[in-house]
Every structure is written in C-alpha cells, then in structure tokens.
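A.B. asks: Encoded as structure tokens, here's the structure I'll be asking about.
The values are calculated or read from the model by the stated rules, or taken from the named source; none is laboratory data. Just so it is clear, the model here is predicted, and its values are computed rather than measured. When we count neighbours, we look across all protein chains shown, and the Cβ atoms used for this are built from the backbone with ideal geometry, even at glycine. For accessibility, only protein heavy atoms count, side chains too; no ligands or nucleic acids. Shrake-Rupley method; radii C 1.70, N 1.55, O 1.52, S 1.80 Å.
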Amino acid sequence: MTDERPDPLIALRPWEAPEVTSWGRLPMNAVDRRPGAVVLDGDWRFQLLPAPDAPLGEVWSSSYVPGVWTVQGTDDLPRYLNVRMPFAEFPPHVPAADPTGVYERSVDVPAEWAGRRIVLQVGAAESVLLVHVDGRPVGISKDSHVAAEFDLTGLARPGERATVRLTVVKWSDASHIEDQDQWWHGGITRSVLLYAVDPLHLADVTVRARRDGDLRVDCRVRDTGGALPEGWYVSGELEGHLLTQDAEFDRANAEDERVSGFLGEARLRATVPAVRTWNAETPELYGLTVRLHRADGTIADTSRHRVGFRDVTISGRDLLVNGERVFIRGVNRHDFHPLTGRTVTYDDMRADLVLLKRFGFNAIRTAHYPNDPALYDLADELGFYVVDEADIESHDHAHEVADDPRYLSAFVDRVARMVLRDKNHPSVIIWSLGNESDYGANHDAAAGWVRRHDPTRPVQYEGAAKRGWADPDVASDIACPMYAPLEDCLAHAMSGTQTKPLVQCEYSHAMGNSNGTLADHWEAIETTPGLQGGFIWEFWDHGILQRVNDGRPAGRGGAGLYDNGVAAPGHRWAYGGDFGETDHDGAFIADGVVFPDRTPKPVMFEHREIAAPVRIESFRHEGVVLGNHQHFRGLDWLAGEWELSLADGTTLTAPAELPELRPGETASVPLPLALPEDGGEAWLTLRVTTARDEPWAPRGTVVCLPQVRLRAAFPPAHTRVPDGTVEVDEDGLLVHPLLTAAPALSLWRAPTDNDELGGMAARWRDWGLDAPARRVVSVRREPGRVAVVSDYLCAGGTVRHEQVLSAVADGLFVEECAELPEALYDVARVGTVFETAAGLNLLEWFGQGPWESYPDRAAGAPVGHHRLPVDELFTPYLRPQESGGRHGVRRFTLSAPDATGLAVRLDRPRQVSVTRHRAADLAAVAHHDELVPRAGCVVHIDAAHRGLGTASCGPDTFASYLVPAGVHRWSWTLRVL
Ligand code: GAL
Ligand code: MG
C-alpha cells in the first residue's frame, strides 16, 4: 500500500476536532456478535510514527493485538499523571509530537460470506482510530473504551484477501476528556473481530425484564440491501417459554405510521410465572434467544442474551433493588493488568470478580469508563451491582470543557454508546455520566438522552451531585460524593433534607497501608437510614512489572515473574516516575485493595468481615444470638464451625448448626462449647464457610469469622525476685543474650502514604521523631531492679522516658513510661523497639490476626492463637512504609526451629510488629525490591499506635485513633524459652 494521494482521514486532522466523534462508524447496539466471528487478534505489522501525518517508513516491526505499544518494546513508554495532562496544549489541541501506531494485516475473508454484510469490530483503541481497507478510507472512531464497528461490505470481498490498516493516534482532542487518573498508553486494547450477518439483520435488541416476571424485548430490524422485505417477523425463546410478537405493538406502529419501510420495530412479550428474580446474592439468569425470520420462516439473524428479572427504583431517599434497600459494598475497578497495561482477558476479569465475591463485595463502579464487555457478563452471572460509567473525564480542563459546545456531541455520544451497549445487563443498576469533569450543559444533554432512552435506571454524576446532594435540578439521582467525611454524610442523613440515596462513588482510599476507619463507616451506614454504602477507591495497585536492569516494562514475557504481591528478583512494580518521566504523580497510582498481581491486601480481610452475611449479635449466658445480614437469602448456603480460643493456648472446636433465618432475622443458639472455669480470657469464633461449591468459591471457602468475647482477661501478675540479676550497660541499656539492640523508646513509624500526603510525616520529621538523640538522665541499680531515666531530644520537644527493669520469676519485667510535651501532639507511635539475634524466624501470638491489623483497621482480624513465619508478617506495599503490624496482641513468642527463643507478655492488648526492617530502612527506599532484610527481627511493642486513616485522599483517621501528647505507660515481660 502506498500513500500517493492525500488521505482524507489524515487531511481532516480528526485528532484536533472534538466535533468529529466518528465517521463511517456503525451505531452501537447490544447484539453480541462474538459467536461466529473471525478473531483478528495476534501479531500485526506495526510502525510507530512520531505524528499522525508523518510518512510511513519502509520498515515494519510487529505488535500484538490486543495490546498497548507502550509496554511492547517501543520507546514510547507508559506515563503516569493523575490530574495534569501530559502536555501543555489547551483543549482541543495536542502537541505536534503525537505517537501514532499503524497496525496492518491481511485477512482472508471467508468465501461463504458471499452475499452477507461484513463488519469489522475494533474492541477499543486509544485515542483516535482511523480505519483503511486496501488503502481505502473506511472510518474514524473515538471513545477509547467502547468498540467501534465499520461496514466493510464491498471492500472486503468474500474469498479474497484484504489488507486492514488501523491507525491509532495517541494524543487527540479526546485525550482531554480521557484524563482519568491512570497510566497513559497507546494502542488497541481489546480484540478485533470480523463478522458477517445477513443483510436483513437485528440492528439492536433491548430487553426489559421486571421482577414481576414481565418481559419485553424490543427489536430493531434493518436490511442493508434497502427497504425491509415483506413478511419478516421475530420470535423468541426463554427457557422453554415461546415469545411471540406483540400484536398490539405492531398495530400501534402501523396505525401511527411511525416507522418507514426502512426500519423494522417489533416487540416480544411474555410474563414468566413464578419468576426467579435476579439480585447480587442470587443472580438468577434466564437464557433468551431472539430470532429474526424471513417471510418463509427461515432465520435471517439470531441474538442470544441472558436475562435477569429485577427492578431498580428510588423510593424517597432509598435505592431499592426488587423493593429492598440494599447496601452497596462497592469497589472502583479499572481494566488493568501488570503485564499488558490495560488488556484483560476473560479469565483475568473472572478472577477479579471471584476475588471480590470472596471478600464480600457486591458492587462495582467501572471507573472511569465502560469496562471490557465480558465484565458485565460476569457481573450478571456472579452477582454484582454495577454503576456503569461513561468515558468522560476532563479533569485538568474540567470547567472549560463541561460547557464547550465543541465537546457536546462527544459527551452525548459517549454516554449514549455506553447505554446502548450495556442496557441489557441486569447487573447495571445505575448509569454514570463520567468522572471529575466539573458540571455543565454537556452533562445535562447527556443525562437527557439517557433518561429518555432508559427510564428504568437512575443516573448519577458526582460533579452534579456536589452542587447539592438534595438538589432536584442537577443531573444526578444519587447523592454520590467522593471522600465525604463521615460526619457530613451522617449530618445529611439526619438533617431531614435528604431526598436522594447517599452512596459514595469513592471513599476509603486504599493507597499503601490504608483504609483506616472502614469499620466505623460501616457501623454508621448500617445504623443510619439514608446511608447505603459506597465504592472503595480502588481495586488495583496499578504497578507495571518492570525489569530493573533496562527500565523496560516486562510486557507479556513477564508472565509468572511475580508471586504473592512481590515481583521476582530483577523486577519491580513500576509506578509514576519509574519510566524516566520527570513530571509524574508517583505512587498515587498504587492505591488498590489488591497488589498488581491481584494478591489481596490485608484490608480485604477487614472488608470480608464488615460484609459478613451472618453475624454474632450478642452473647448471653443462655446462648449466642445470630443474625442474617443479607437482603435476599437464608443461611442455607453456609456452613459453620465454632472455635473457642482460650488464654491458656488451647482452641476447642465444635460443629455449628446455622439456624434457618430470613434476611434481617435473628435467633439464639445454645452455647456450643462448655467454657472451662479457670481459662481466663475466652473468645468464641464462628468460622463460616460455603456449604457447597459456589460459582465463585469451592465448598469450604471462608466467608466470615464473626467473633464474640465470652470472658475478659485477668490482669497479669508478677512475682518479683529481689535477688535476681538485671544487666544493663553504662547507658542503662539492657544487655540480653537474645537481643542485638536493647529495648528503646520509639516515637516514629516509616510514614505510610497517608502519613506523607496528609502532612503528618513532614511534621514528624520537623520534630525529629525519626531519629531523636537519647541522653541518659539517671541509671539506678538496686537488687533485682534497674531504673533508667532518659531524655529523647527531638527538635519539637524532649520526651522523658523511664524504664524499670525488674527480675521476675519467669524472666524480666519491663515497666515503661513516656511523657510527650504538648508540642508533640499527634505522633505515629509511643512504644518500645528492640532487635533480636538471627534465627528466631517463627512468630506465635495470642491476639488479633493472622493478617495485618491496625487500631482503625482491626475489625476483620479475630482474636486467637496465630503463628506465621516472620518473613510472612510483612506486607510488601509498593512504596515501603509501616507494615506488618498486629493489633490487640496479648503475648507472643519468637522462636527458632529448636524451640529456643523468647516470649513476651504484654500488660494488655497492644499493637505489635515483628519484621526484618527498621522504620528507617523502610523510609529510605522507594521500592520494595530495594529493601535488604535484616537477619534478626525488629520488634515493636506499642503503648499507642496511630490509626491509618485515608488522608492520602480523603479524611484522616478519627480523633479516637490518634496518639496524644502526655503520659503513656505500658509494661511487658521478657522470658527466654
Ligand atoms: C478521585 C478520582 C480517582 C482517583 C482518586 C485518587 O478524585 O476520581 O480517579 O484519582 O481520586 O486516587
Ligand atoms: Mg481525576
């Protein structure tokens, strides 16, 4: 193919023409053409041009489709920016240097397609797609996350070979409305298909299925040969029920002369008796086949759908699914993959949803564009409520674009195409007009289109809702703020002015070690009429697997080069700045509840418990009260086992019989295990698992671990040994055979992302809490006892620390006191740190666990007897930070394989961490792979540890989780095993 004549698609310069949303593109519809299509995925000839109007070179390389060239070995690498555009040009303009990928391949058009209509479908391309066949211009499309179809009939001839060229321009006017907080890439991110249909075909099928069993299927019929042939008709089949054409609808159409002979409309109707309704808990689907017939009864076209019967309504300030006020336990999800950047397979998406299901999520917001079509099939099937969001985010130039008439068609086009594509999915319960694009007339235009086209679902848009949560005139039926402080939500719900359901579109920012106060939020949501939940930001940590030696993305070749959240040696999870960009937003892209390889972060366990379908409401002497916290189903899909954890180290178990409970009901069951008289503290856990195989979990998968305390702890007693020995050095520091660093005061933690972005970390550094100088004030040696007073000199003030070391019957008793001056008012921690000799590699503890927990993220870690290798205690957050903490620890042992080691008992449940890293080690590096584990253990015992909060984006932790100034006292015993 040569470029002799000027190419009209190039001459038009559509990359700087927002009015041009497409040219030659077929209308979007909901007919699935994947079955029977020729899939054109694979290696295509490829050239990366410096600009769309640059001449083609002689040399072709190859590129895998679907994929982005930014991770496929080109010099145009991924780039991460949150709000700011990666170039200075104002909308609709783009820089002259504009990477443009030219993809080309030949296609053998099946000979049996003779006489049929041939269509090319490009699943997704960013951000402008130009299509040529055999050098002839075919069409243009924008809207990077929705497919574009082009009619190739007459261009691609059956039995012949055609050359398809797809030119993808990276920067365009559309980039200004695709300024989502994610990596910038370029390429074709979803499959390319070629398919054939009869000239007489189903142009669209709209299914409406209500919870009362009423089914309406509206068909649009066209004939690309011209006027529709006489006598065509449609029929349908829904699991044995035959659907016939609605005669009343036909008569009305005929009488009104509404449609010409070129557009066919027909409606299929049925009422399904005793219908099994769809909801996220019991996602019942019915198979529907729609057929278009010629007059002689032969079939011209077939379309298959899965139908879920359900209603979505708003009643007062409640969002109802099938009349039930459901809680929205949601997460925001991007199409992301650590090797491909954006291309995800069916199996990838299934794994995402299976994981979310296992951790109690029931809702997804497709942030911030329509996700891969298969995601919605999976959501229908596995049971998720979906807020489907259009691909509109003009964040950097939001205000200008929202009212810019040049972008009007793009707004309406994007919202409409999403709705046309996804309208038949029962999982989709709300349409979203996009994200962070201010609020303007362009939004109202798009909202108007949706309300007319699909009156069965609410519309939401955060930018509109923020004008007033109860404002009836804005384009949002839902009050859907992001990161609203809980007190604002509560105040609104209790103000008497609330008119709309309040479901936060984003909350609880999961960057690094985060999601503090999630349980407090849910406590409020579940007990406050008007609050209905929200969507955690976000599912993924978008780390791209990168080779450390050459800084290149590992690409598809990196399969298997990661495990358990950690990249293999020689690799790392890249975030902003790692591809040589100087202007970027760093680790803000790593803010998900799962690592880049989908390994769950500890917050997932917290969420699982918060979402528990069955809970222990209370414990009285006669028994345990259980409650069903689901909306639609009983407990029969669950099995249970009781676990009684006693302070003496034993755990007793007994099978649990779950009562028959309808949603919302409670029942008392007898205490299943006898509580030993002298056992001290006792905790009863109900280990709830799936009773049978579920589509998303094999039988026996843990669903939740509700727990109740049956008996409180006895305060520990100590027998002092007045003639025992306590050895300290001249600085008053303990000398102990198993410790390589003596117990000292610790006031600092390696700042979490929340600490950094919330401004706390800078204050702590200003105050010098990271490395205070210790000055010994006095060392008083008495028989069996040494009292040491020292001052920790911080720039922000001096902290007086007293440590009294006493010999006791079973070792050493350490009593500590630290007094923080008023100036040091909100510190990371107050506690003890010491380091052990090498070889103590196993931690066993009685306390909360087994996963990481912190004071404001401790609802999902049950109290019990836990054991883990020290190397598995640490959570490998992409940017190293405070990690590995365990909340509510009563006692622990650190031991070698020969069972030697040390045992620590605490005065009361405390925050403890045992890792291979000092706080300073963590704070000194930017990536996990730069950490060098120490041979021994770094042990922290905290009298007080600050909550995590979510201040990297949103509210900080609550006052009750802060570490105040003033006096802190704690004590512990140290014993050699
Ligand atoms: C929101 C935005 C998201 C993401 C998040 C912070 O404001 O909608 O796209 O940027 O903040 O991670
Ligand atoms: Mg944004």
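A.B. asks: To the nearest 0.05, what FRET efficiency results for Leu263 and Thr345 with a Förster distance of 35 Å applied to their C-beta separation?
C.D. replies: Working: r = 37 Å, r/R0 = 1.06.
About 0.40, to the nearest 0.05.
A.B. asks: If you don't mind, another one. How do 228-237, 333-342, 795-804 rank on mean C-beta neighbours within 10 Å, highest first? Don't skip to the answer; put the middle values down first.
C.D. replies: On the way: 228-237: 16.6, 333-342: 24.1, 795-804: 19.0.
Packing order, densest peptide first, comes out as 333-342, 795-804, 228-237.
A.B. asks: Got a sec? Charge dipole of the chain, +1 on Cβ for Lys and Arg, -1 for Asp and Glu; which of Leu734, Pro869, Pro715 is way out at the positive end?
C.D. replies: Looking along the dipole axis, the top candidate is Pro715.
A.B. asks: Going by alpha carbons, how many degrees (0 to 90, nearest 10) lie between the helix axis of 408-422 and the longest principal axis of the chain?
C.D. replies: 80
A.B. asks: Quickly rank 178-191, 55-68, 632-645 as a protection proxy: mean count of other C-beta atoms within 10 Å, highest first. Intermediate results must be reported in sequence, preceding the final value.
C.D. replies: Details: 178-191: 24.8, 55-68: 16.3, 632-645: 18.6.
In descending order of packing, they fall as 178-191, 632-645, 55-68.
A.B. asks: Give me the one-decimal nm value for the distance between modelled label points at Ile314 and Glu677, 7 Å along each residue's Cα-to-Cβ direction.
C.D. replies: Roughly 6.3 nm, to one decimal.
A.B. asks: Separate question: Local charge sum around Arg692 (other residues, Cβ-Cβ under 11 Å, Lys/Arg +1, Asp/Glu -1)?
C.D. replies: On the way: positive: Arg699; negative: Asp636, Asp693, Glu694.
Within the 11 Å Cβ shell, the charges total -2.
A.B. asks: Charges on Cβ only, +1 for Lys and Arg, -1 for Asp and Glu, centred on the Cα centroid of the chain; of Ala924, Ser806, Leu673, which one is farthest towards the dipole's positive end?
C.D. replies: Value: Leu673.
A.B. asks: I've got another one for you. As a test of the formula, what do you get for the chain when each DSSP H run with n ≥ 4 contributes -39,500 (n - 2.57) and the sum is divided by the residue count, at 222 nm and rounded to the nearest 500 deg cm²/dmol?
C.D. replies: Values: 14 runs with 118 residues, N = 977.
Helices in the chain give a 222 nm mean residue ellipticity of -3500 deg cm²/dmol.
A.B. asks: Give the carbon-plus-sulfur fraction of the accessible surface of the chain in %, rounded to a whole number; probe 1.4 Å, heavy atoms of protein chains only. Write down the numbers at each step before the final one.
C.D. replies: Values: 17930 of 35450 Å².
Percent of accessible area from carbon and sulfur atoms in the chain: 51.
A.B. asks: On to the next question. Could you compute the net charge surrounding Asp583? Neighbours are other residues with a C-beta less than 10 Å from the C-beta of Asp583; K and R count +1, D and E count -1. Mind dumping the intermediate values first?
C.D. replies: Values: positive: Arg79, Arg84; negative: Glu581, Asp585.
Here the charged neighbours net out to 0.
A.B. asks: Of Val354, Met482, Ser437, whose Cα points farthest to the positive end of the dipole of segment 312-536 (charges on the beta-carbon: +1 Lys, Arg; -1 Asp, Glu; origin at the Cα centre)?
C.D. replies: Val354
A.B. asks: Within a Cβ distance under 14 Å of Ala935, other residues only, what is the Lys/Arg minus Asp/Glu net charge?
C.D. replies: Numbers: positive: Arg916, Arg918, Arg934; negative: Glu835, Asp871, Asp921.
So the surrounding residues net to 0.
A.B. asks: Can I ask one more? What do the square roots of 5 times the Cα gyration tensor eigenvalues come to for segment 347-437, in whole Å, largest first, as semi-axes of the equivalent ellipsoid? Mind showing how you got there, number by number?
C.D. replies: Working: eigenvalues 157, 36, 18 Å².
Working through the eigenvalues yields semi-axes of 28, 13, 9 Å.
A.B. asks: Please report, in debye to the nearest 20, how large the charge dipole of segment 613-705 is about its Cα centre when each Lys and Arg carries +1 at its beta carbon and each Asp and Glu carries -1 there.
C.D. replies: Value, rounded to 20: 420 debye.
A.B. asks: Among DSSP beta bridges whose residues both lie in the chain, state the antiparallel percentage, nearest 5.
C.D. replies: Given both bridge residues lie in the chain, the antiparallel proportion sits at roughly 90 percent.
A.B. asks: Once you have a ≥ b ≥ c as the square roots of the Cα gyration tensor eigenvalues for segment 131-243, tell me rounded if a/c is under 1.5, and otherwise prolate or oblate according to whether a/b is larger than b/c. Provide the component values of the computation, followed by the final result.
C.D. replies: Working: a/c = 2.84, a/b = 1.37, b/c = 2.07.
Oblate is the answer for segment 131-243, as a/c is 1.5 or above yet b/c matches or exceeds a/b.
A.B. asks: Taking the Cα centre of segment 312-536 as origin, sum charge times position over the Cβ atoms of Lys and Arg (+1) and Asp and Glu (-1), and report the length of that vector in debye to the nearest 20. Numbers along the way, then the final one.
C.D. replies: Working: 20 positive and 34 negative charges, 101 e Å.
The dipole of segment 312-536 has a size of about 480 debye.
A.B. asks: Note down, for segment 543-589, the three equivalent ellipsoid semi-axes (square root of 5 times each alpha carbon gyration tensor eigenvalue), biggest first, whole angstrom. Write down the numbers at each step before the final one.
C.D. replies: Values: eigenvalues 73, 28, 13 Å².
One finds semi-axes of 19, 12, 8 Å for segment 543-589.
A.B. asks: With no other cysteine's Cβ closer than 4.7 Å, which Cys residues of the chain count as lacking a disulfide-compatible partner?
C.D. replies: Cys219, Cys489, Cys704, Cys794, Cys817, Cys937, Cys953
A.B. asks: How much area per residue is accessible in the chain when the probe is 1.4 Å and only protein heavy atoms are counted (Å²)?
C.D. replies: On the way: 35450 Å² over 977 residues.
Dividing the accessible area of the chain by its residue count gives 36 Å².
A.B. asks: Ok, one more. Hey, rough spin-label estimate for Trp60 and Arg720, points 7 angstrom out along Cα→Cβ, what's it come to in nanometres?
C.D. replies: So the two model labels end up 8.8 nm from each other.
A.B. asks: So how tilted is helix 247-256 from the main axis of the chain? Cα-based, degrees 0 to 90, rounded to 10.
C.D. replies: With rounding to tens, the tilt is 60 degrees.
A.B. asks: From the square roots a ≥ b ≥ c of the eigenvalues of the alpha-carbon gyration tensor of segment 409-513, which class results: rounded (a/c under 1.5), prolate (a/b over b/c), or oblate?
C.D. replies: Values: a/c = 1.79, a/b = 1.51, b/c = 1.18.
Since a/c reaches 1.5 and a/b is larger than b/c, the shape of segment 409-513 is classed as prolate.
A.B. asks: Another one. What ranking do 389-402, 682-695, 104-117 get when scored by the average of other Cβ atoms within 10 Å per residue, highest first?
C.D. replies: Values: 389-402: 23.7, 682-695: 18.3, 104-117: 15.1.
Descending packing order for the listed peptides: 389-402, 682-695, 104-117.
A.B. asks: Once both axes come from the Cα atoms, what is the angle between helix 441-453 and the longest principal axis of the chain, in degrees from 0 to 90, rounded to 10?
C.D. replies: It is inclined by approximately 70 degrees.
A.B. asks: Sorted from largest down, give the three principal axis spans of the alpha carbons of the chain, whole angstrom values.
C.D. replies: Principal axes ranked by extent give 108, 67, 53 Å for the Cα atoms.
A.B. asks: Rounded to the nearest 20 Debye, what is the dipole magnitude of the chain about its Cα centre when Lys and Arg each give +1 and Asp and Glu each give -1 at the C-beta?
C.D. replies: Working: 96 positive and 141 negative charges, 305 e Å.
For the chain, the charge dipole is close to 1460 debye.
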